[in-house]
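The values are calculated or read from the model by the stated rules, or taken from the named source; none is laboratory data. What you see is a predicted model; the values in this text were computed from it and never measured. Every residue, glycine as well, gets a Cβ built from its backbone with ideal geometry; the counts of neighbours run over all protein chains shown.
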Amino acid sequence: MVSRAIETLPPNQREVIRLRDVLGWPSSDVRNALDISETNQRVLLHRARAKVRRALESYLRPEEEQGT
Amino acid sequence: MTCIELVELATDLLEGSMPADERARFDEHISGCEGCTTYLEQFRITIRLTGMLTEEQIAPDSRAALLDAFRDWRATP
């Protein structure tokens, strides 16, 4: 379920969440590996996590209307 | 701080990259907001569940496709 949600993310968001949250890399290693700024890394990570959270919410409560 | 602002700052908080003054406004809001408290807890659970995946379950794109994606993203004005 979570892996499916991650697979539907845009590639840059997917790679950041894969390195940071799946593999547990320190954020400094993630931004060095991808050559992105600290801010960009955090924005991509946040978007990725927010989408996975929403996918979980939809999965767990499919009957309820999803707010934005 | 509004709920919308707080939701956008959840990763800043959890990554420990939030300035002290912002952290104070974050704490002040969330202490009185059940919705945001729930959101933050769901966010933590999401991260924990993601951390239970193995690398094999998340197939990265080819290196070239990823590098292209990041190059395009950075080039966006």
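At-a-glance table
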read-out	value
Some residue of the range A:20-29 being of a type in the set (S, T, N, Q) and out of contact with any helix residue (DSSP H, G or I) (no Cβ under 9 Å at 6 or more places or on another chain)	no
Near pairs, Cβ below 9 angstrom, 6+ apart or cross-chain, from the range B:1-21 (closer than 12 Å to B:Tyr39 by Cβ and without any contact (Cβ under 8 Å) to a residue 40 or more places away in the chain) to any residue that is assigned to a loop (DSSP other than H, G, I, E, B) and among the basic types (Lys, Arg)	none
Among residues of the range A:2-13, those that are under 15 Å from B:Ile47 (Cβ atoms) and more than 7 Å from chain B (Cβ to nearest Cβ), counted	3
Filtered residue count, the range A:21-37, keeping only those that are more than 9 Å from chain B (Cβ to nearest Cβ) and either β-branched (Val, Ile, Thr) or surrounded by 18 or more Cβ atoms within 10 Å (Cβ to Cβ) (or both)	2
Residues satisfying the stated conditions in the range B:8-53, i.e. facing chain A (nearest Cβ under 9 Å), under 23 Å from A:Ala5 (Cα atoms) and either among the hydroxyl-bearing types (Ser, Thr, Tyr) or assigned to a loop (DSSP other than H, G, I, E, B) (or both)	B:Leu9, B:Thr11, B:Glu15, B:Tyr39, B:Thr46, B:Thr50, B:Met52, B:Leu53
Search result, residues across the range A:1-40 that are farther than 14 Å from B:Leu53 by Cβ and of a type in the set (Lys, Arg)	A:Arg31
Pick from the range B:3-34, criterion modelled with pLDDT of 95 or more and of a type in the set (S, T, N, Q), ranking: surrounded by the most Cβ atoms within 10 Å (Cβ to Cβ)	B:Thr11
Enumeration of residues in the range A:1-59 that are over 19 Å from B:Leu9 (Cα atoms), part of a helix (DSSP H, G or I) and β-branched (Val, Ile, Thr)	A:Val2, A:Ile6, A:Val22, A:Val30
Residues of the range B:3-45 classified as of a type in the set (S, T, N, Q) and in contact with a helix residue (DSSP H, G or I) (Cβ under 8 Å, 6 or more places away or on another chain), total	4
